[in-house]
Each structure stands twice: as C-alpha cells, then as structure tokens.
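Chemist: Pasting a structure here, questions to come.
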Amino acid sequence: MTGIVCIGGGPAGLTAAYELVRHRPDVTVLEADPLYVGGISRTIQVDGFCFDIGGHRFFSKSREVVDFWKEILGSQLLMRPRKSRIFYGGKFYPYPLDLKATLCNLGMIESALCGISYLYARCFPTRNPKTFEEWVTNQFGSRLFSIFFKTYTEKVWGMSCSEISADWAAQRIKNLSLFEALKNAVMRSLGLNKKNNKIKTLIEEFLYPRKGPGMMWEEAARKIEEKGGHVQMGCKATSLAYDAVAKLWNIEYSDSKAGNTKTIQASQVISTMPLRELMHAIKGVPAHVVETAEKLRYRDFITVALAITDRSKFDDNWIYIHSPEVKVGRIQNFKSWSPEMVPDDALTCYGLEYFCFEGDGLWNASDEELIALATRELEQIGLGSPSDVRKGYVVRQPKAYPVYDQDYQGYVDIIRDWLEGSCPGLQIVGRNGMHKYNNQDHSMMTAMLAVKNLLAGDKKYDVWCVNQDAEYHEEESRSGASGERLVPTAVR
Ligand SMILES: Cc1cc2nc3c(=O)[nH]c(=O)nc-3n(C[C@H](O)[C@H](O)[C@H](O)COP(=O)(O)OP(=O)(O)OC[C@H]3O[C@@H](n4cnc5c(N)ncnc54)[C@H](O)[C@@H]3O)c2cc1C
C-alpha cells in the first residue's frame, strides 16, 4: 500500500505523523531543514546555549494537546512562572497590566487624558471598524491605543495600524475592552484572580520543556521513527502532481544531503508548507489561483541571541519594547524560561527580536552588524553593558508570521475552495500551511483533526473550525477564528 506523506517536520507535521504512526507505520515526514525538526518551534543549540525563535510557551485549553505534550516529554516538561513587562517611555509596565503600577507610570495627567479619550471613543465610535486602529480605538480610546498598541504592533507587522485588518484584533483580543482590562488589573492588584480562573493559569504560568521547545519535537520525531515511521531531514518538497487514474500523489523533493531530487508516492498528503509555496508546487493549479496565492504576505523575524554575564538586570521571561527609539521589538531572557538553557550559571542569554521583511535592510545586515545593533540597543534600554557581552548568534526566520492585511481572508477562501474541489487526499494544516495565525496547540489540533479525517476516510472534521484556543467550533468555519485572549499585545 502506498504510504502517507507529511510535508514539514514542525509541530503540525510531527503531530500528524505521531498520531498516524499509532495506526499505520507507512508515514514519511519530509523536512526541509537538514538539522532541526520543530519548525518555528525549534530550539537552536550552539556553544552550550539553547534559544528559541521567540520564547515558546506551551499552553492550551485542549486536553488532547496537553496530553500529547505530557506523553512525549513526561517529567521533562516544567511548569514555569511567567513574568513579562512592557518598556515604554523609559518605564517598565508590568504585563498583564497592574492598575497601580500603570497609573503611577502614566502619572495623573496622562491617566486623566487616557480616561477622557476613552470616553470620547465610547460616545463617538467608528461604525463597522475595518482596521486594527479603528477596532482598538473603539475599545480603549486613542491615547491608550498609541501607548499600548500602536508602536509595538507596527514594529511587529511593519505596516501602519490603519492597514492591518480588524480581524487580527478581533482574533487576538476579542471581548477585551477597557472595562475588562481594568477589571482584570484591579483583580490582579487585589490578588483576587488566583482561584478557579483558567485564564489566569494560562497567563501566569506555562509548561516549558527543560531544554526548550525543540526538545519536544526532537523527541516526537524519535518516537515516530521508533514506531516505524520516517523523518527525512534536508528533504524539501518542490512539486506535487496528482495522478487521477492511480489516485496517487507524486511528490518531488530535493534531498540536500544526497544532493539530488527524488520522488515519493503517497495516497494521502498532509501539508504544512507555506500555502503560497504549496500553490506554486502543485501541478495544474489555474493561473488565477496561483496569482491569488502570490498575494499572501509574510512577516519575517530575526533573533539576535547575546551570551552575556548575568548581572541579574531582569528576571522576566520577556519584555515587550514599545519604545520607538529602538528597533528591537522584544527581549527574551532564556535563563528565566529554563536554567538549563545556559551552560554556565554565571552567564545568561538574551534574545533580542527584530521583526522585518526578507530582503530589507535588517534582514540583509551582516551578523556582525546585527550583533552590534543588539548590543547597542540593550545598553540604550539599560538592560546590559557591551563589556558584558561574550558572544552573539543570529538566526533569521523567514515567514514567521502570516500577514493579516485587509484582503488576506478573501485570498485564502479562493485557494481553499480550489484545493477542496481539486485535490483529493490532500489536507492543509498548521500555521503557514493554512495561512492562519496559529500557535502550537492550534497547529497541532488541526493536524489531529486531519488525521481523524484520514483514518475515517472522509472529511468529517473541518480543520478551519479550530479556533485560537484549539477548540473545535463548527460555526467558526469561514468567519476567521475567534477565542478570547486576555493579553492585548501578546503577539507571539
Ligand atoms: C516569534 C514567535 C513566537 C511564538 N511563540 C509561541 C508560543 O509562545 N507558544 C506557541 O504555542 N506558539 C508560539 N508560536 C507559534 C509557533 O511557532 C507555531 O504555531 C508553530 O511552530 C507552527 O507549527 P507548524 O508545524 O504549522 O509550522 P512551522 O513551525 O512553520 O513548521 C513547518 C515546517 O515545515 C518545513 N517546511 C516548509 N516548507 C517545506 C517543504 N517545501 N518541504 C519540506 N518541509 C518544509 C519547515 O522547515 C518547518 O520545519 C510563536 C511563533 C513565533 C514566530
């Protein structure tokens, strides 16, 4: 019997393969990277330091996903406390917001102005908000929008908040208004949110593998192979052709280790490769669909990891850098994620994160220039001295974020309609695979549903119905995901 191919060895592809291999060992994962599994959730290991592509919290409302993680890593999965702050205007704001500290930092006059602009927005809201700016201003007022949303969001997306779709705000911060935020901040300040609050648990602590998220995916890959499946590294799928007579997919891939091109046949394919690339790879896609796929955009990402003498400057897991004076968007302290991320207790490792577009000035800067920039900006913010920096490492991550501009949903719908009507046995799952702003749990859940469909022999589950909390809701299929996130700026 011809086997099943999962394209991509990130969380979605490996989850699919792991779930499948319990039933069928004829599963092959093709992973383009020659070294690492885990995709965006991999952990880089160099000179004894471990660091993520952005810190990766493991949290999920889905029992199935959490059970999966525990089954793979057991006691190697740590429960870690969360601490994060916002840096803006030379001050640190606890995040999630703490009312007292926020009012103190803002000062009486600014706090009053924020209140007035909030009341104004409530009395004169923009009807049918279409952009991120309109949506957030309606909820919080223009002053709070510019302090807590505008600069960071624009760093992340590289475009004005007036160009970003309101969908993105609705997906990430649905149901959060100033009233809710204040209520949470007051509860937090009074310590009243400690019990019976699921959201609190998600926000204040999280699971994390003791050596980073890559550990999870390396172990998953090992277990897949142990059960008879194959995880082929350095194998990039380049073309997919459906043979309607044989009812088989012929998948061509380049094998970087062997230095040649090979073909594998599959009766079923689960793809997690970026949707735009997939539409170029499939043979026979109508020109208008390929042109539509070409319009999907991505935001790219650079981590500059600095190995530095630990002067206990901060113990946050990460700090959001809203200040427009510096380019850095967020700073991770990987030792706070897990002490095992650094090889020596006298050292720590900061990950300075830069959002960019592939090919722009930041992306094309040399590693030396980026390390110098990160070192300079760390000092500018007051979190580290250049003389303490021992070494720097640079990782460029293309396609870190699928962009939600005003038109993306229409493009995705066109592609999805064509795929569903023309590609039997092919399912798309995961983050870039679906061009959906998914975390690991959501990406995994879509993979789990695809496997259920495959094993049942019909498409009983619609993977587009998984919302941001990795919950399956039939009614959400075409309207974009929903799901409450009480963390307004938590762009991951
Ligand atoms: C900065 C940042 C921080 C994040 N923080 C969190 C967090 O705290 N918690 C959380 O749960 N999630 C977080 N995420 C999201 C998480 O990284 C993704 O949800 C997850 O990695 C998506 O899994 P995936 O398998 O769909 O895709 P990916 O991780 O993108 O994996 C896809 C894999 O497919 C491979 N591939 C691509 N094309 C081909 C091809 N043609 N042939 C073969 N292989 C191919 C890639 O090399 C890659 O390994 C974060 C993301 C970012 C960018």
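Throughout, read-outs are computed from the coordinates displayed, never taken from laboratory work. Everything numeric here is computed off the predicted structure, so don't read it as measured data. Every residue, glycine as well, gets a Cβ built from its backbone with ideal geometry; the counts of neighbours run over all protein chains shown.
Chemist: Counting residues in segment 1-150 as N, plug N into 2.2 N^0.38 Å and put the Cα Rg over that result.
Modeler: 1.56
Chemist: Can you quote the Å³ per residue value for the convex hull of the Cα atoms in segment 298-402, rounded to an integer?
Modeler: Taking the convex hull of the Cα positions in segment 298-402, it is 100 Å³ per residue.
Chemist: Given N residues in the chain, what is its alpha carbon radius of gyration divided by 2.2 N^0.38 Å? Present the calculation step by step, with values, prior to reporting the outcome.
Modeler: On the way: Rg = 22.7 Å, N = 492, 2.2 N^0.38 = 23.2 Å.
Cα-based Rg divided by the globular estimate yields 0.98.
Chemist: Taking N as the number of residues in segment 411-460, what is its alpha-carbon radius of gyration divided by 2.2 N^0.38 Å?
Modeler: Against the empirical 2.2 N^0.38 Å value, I get 1.15 for segment 411-460.
Chemist: Here is a follow-up. Calculate one ³J(HN,Hα) per residue across segment 454-464 by plugging θ = phi - 60° into the Karplus curve 6.51 cos²θ - 1.76 cosθ + 1.60, and present them in order as whole Hz with x for glycine and proline.
Modeler: Karplus-based 3J(HN,Hα) across segment 454-464 equals 4, 5, 7, x, 8, 9, 5, 9, 9, 4, 6 Hz.
Chemist: Here is a further query. Just report the Cα centroid separation between segment 429-447 and segment 244-306, whole Å.
Modeler: Centre-to-centre (Cα) distance: 16 Å.
Chemist: In addition: Show the residues, 5+ positions off or on another chain, whose built amide H is closer than 5 Å to the amide H of L78.
Modeler: For L78, whose amide H was placed from the backbone, the distant partners under 5 Å are Y208, R210.
Chemist: As a check on your grasp of the helix formula, calculate [θ] at 222 nm for the chain: sum -39500 (n - 2.57) over DSSP H runs of n ≥ 4, divide by the residue count, round to the nearest 500. Before the final figure, lay out the partial values.
Modeler: Working: 18 runs with 183 residues, N = 492.
The helix contribution divided over the chain gives -11000 deg cm²/dmol.
Chemist: Now for a separate question. DSSP loop chymotrypsin sites (Phe, Trp or Tyr not before Pro) in segment 394-474 with at most 12 other Cβ atoms within 10 Å of their Cβ, which ones?
Modeler: In loop regions of segment 394-474 (DSSP not H, G, I, E or B), there are no sparsely surrounded chymotrypsin sites (Phe, Trp or Tyr not before Pro).
Chemist: A further question on this structure: Quick one: putting +1 on the C-beta of Lys and Arg, -1 on the C-beta of Asp and Glu, what dipole do you get for the chain around its Cα centre, in Debye to the nearest 20?
Modeler: Once rounded to the nearest 20, the dipole reads 1180 debye.
Chemist: By a straight-distance test (C-alpha under 14 Å), which aspartates and glutamates pair with K130 as possible cross-link partners, with residues fewer than eight away in the same chain excluded?
Modeler: In chain and number order, the partners are E163, D167, D405, D407.
Chemist: How would you rank 384-397, 238-251, highest first, on the average number of other Cβ atoms within 10 Å across their residues?
Modeler: Result, highest mean first: 384-397, 238-251.
Chemist: Same structure, new question: Quick one: of K155/K399; K83/K436; K91/K436, which pairs are farther than 22 Å apart, Cα to Cα?
Modeler: Over 22 Å Cα-Cα: K83/K436; K91/K436.
Chemist: Spelling out what I want: for every residue of segment 2-10, take phi, set θ = phi - 60°, compute 6.51 cos²θ - 1.76 cosθ + 1.60 (Karplus), and round to whole Hz; glycine and proline get x.
Modeler: The phi angles translate into 6, x, 10, 10, 9, 8, x, x, x Hz.
Chemist: Of P339, G457, T263, which is farthest towards the positive pole of the chain's charge dipole, taken about the Cα centre with +1 and -1 on the beta-carbons of Lys, Arg and Asp, Glu respectively?
Modeler: My answer, from the dipole projection, is P339.
Chemist: Give the residue from A220, L240, G284 lying farthest towards the positive end of the charge dipole for segment 207-294; charges sit on Cβ (+1 for Lys and Arg, -1 for Asp and Glu) and the dipole is referred to the Cα centre.
Modeler: Toward the positive end, the furthest listed residue is A220.
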